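Worksheet: one structure, shown below.
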Amino acid sequence: MSETFCVTINSCRENGDKATVGFVVATAALGSGKDTLVFLSTDGVWAAVKEEAATVVEGGPFKPLTELIENFMEAGGRVIACAPCCKKRDIDQEQLFGKVEIAGGAVLVEWLSNGAPNVSF
Amino acid sequence: MDYGNPNAGRMTAVEWLNECELGRASVVLWRLQNLLKRWRFELNSMADQIEDSDDTTPFFDGGDTGCGELLLDLLLFIKKHPDGSVIRVRALDPGAPLEIPAWCRLTKNKLLESEHPIYKIRKSEFEGDKG
């Protein structure tokens, strides 16, 4: 059984529900002892932007997106935002949650190539 | 009396309840029944808490959290205890009967007892500290 896990999130502004559930599942993976990566791409990169994430509050039983992201990273989860997707949207590092990394597809490919299963939202 | 209307002269249920003593008594009984249900629920919760406080087994109360939040909190809790510890868990989430056993298999911890919403888990001596 793989000890790593990957969640790719491709929605946020267009569909906050998907971003929210994506981070809930990522937290479940982390809580199940998996070294977990969340890879944000296309519209999903907005989840890494603090001001944008603050607008996503789906309501009970889901916590606000900001809280989900901060709890996930605080517990050791890794979040990467797709570099060209950020560039296209004029998003820079200063707008992001502190621990979010900006990287290209190679990091995702490497993570998955090493055996991590992936679920996409 | 209007004989052309089949409903003429008939009382509605609400009118009947308001009019007759039996009706008013029924309303009182119904309210009393609801009150008893609430008391029973609160007493069961109190009984659980008393039982928990008497038990020396480490107790994790997941309340009504579920999925990611429940599992991450449970992992952080179990990490604080030495390998081989038995942990008592209460998880009210309706998904818990499937989630908790799956979590135990993933983390290699042993599910000793499962009677929703109470679960007993032994922390693995070899791999329970993983993650």
- line: Flagged in the range B:70-91 as away from chain A (no Cβ under 14 Å) and β-branched (Val, Ile, Thr), in numbering order, are B:Val86, B:Ile87
message: Being modelled with pLDDT of 95 or more, open to solvent by less than 80 Å² (accessible area, probe 1.4 Å) and within 12 Å of chain A (Cβ to nearest Cβ) is the requirement here; does B:Ile121 meet it?
response: no
message: Could you go through the range A:52-70 and let me know if any residue there is in contact (Cβ under 8 Å) with a residue 60 or more places away in the chain and crowded, with 24+ Cβ neighbours inside 10 Å.
response: no
message: So A:Ala26 passes all but one of these: (1) assigned to a helix (DSSP H, G or I); (2) farther than 19 Å from B:Gly66 by Cβ. Which condition number does it fail?
response: (2)
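Look through the range A:27-45, keep the residues that are among the polar types (S, T, N, Q) and more than 10 Å from every other protein chain (Cβ to nearest Cβ), and return whichever of them is surrounded by the fewest Cβ atoms within 10 Å (Cβ to Cβ). Steps first, please.
Restricting attention to the range A:27-45, the residues satisfying the condition of being among the polar types (S, T, N, Q) are A:27, A:32, A:36, A:41-42.
Filter again for more than 10 Å from every other protein chain (Cβ to nearest Cβ), leaving A:41-42.
Working: A:Ser41: 20, A:Thr42: 17.
Selected residue: A:Thr42.
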task: Quickly run through the range A:100-111 and pick out the residues that are open to solvent by 40 Å² or more (accessible area, probe 1.4 Å) and modelled with pLDDT of 95 or more.
output: none
message: Tell me whether the range A:70-86 contains one or more residues that are within 17 Å of A:Val21 (Cα to Cα), within 12 Å of chain B (Cβ to nearest Cβ), in contact with a helix residue (DSSP H, G or I) (Cβ under 8 Å, 6 or more places away or on another chain) and not polar (S, T, N, Q).
response: yes
The range A:10-26 - residue that is under 14 Å from A:Val79 (Cα atoms) and open to solvent by 10 Å² or more (accessible area, probe 1.4 Å) and, of those, farthest from the other protein chains (Cβ to nearest Cβ): A:Asn10
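For the structure I just gave you, tell me whether B:Lys110 is in contact with a helix residue (DSSP H, G or I) (Cβ under 7 Å, 6 or more places away or on another chain), among the basic types (Lys, Arg) and crowded, with 17+ Cβ neighbours inside 10 Å.
Details: in contact with a helix residue (DSSP H, G or I) (Cβ under 7 Å, 6 or more places away or on another chain): yes; among the basic types (Lys, Arg): yes; crowded, with 17+ Cβ neighbours inside 10 Å: no.
Criteria not met by B:Lys110.
The values are calculated or read from the model by the stated rules, or taken from the named source; none is laboratory data. Computed from a predicted structure; not experimentally measured. Note that we place each Cβ from the backbone using ideal geometry, even for glycine, and neighbour counts take in every protein chain shown. Please note that ligands, DNA and RNA were not included when accessible areas were found on the heavy atoms of the full protein model with its side chains. Shrake-Rupley method; radii C 1.70, N 1.55, O 1.52, S 1.80 Å.
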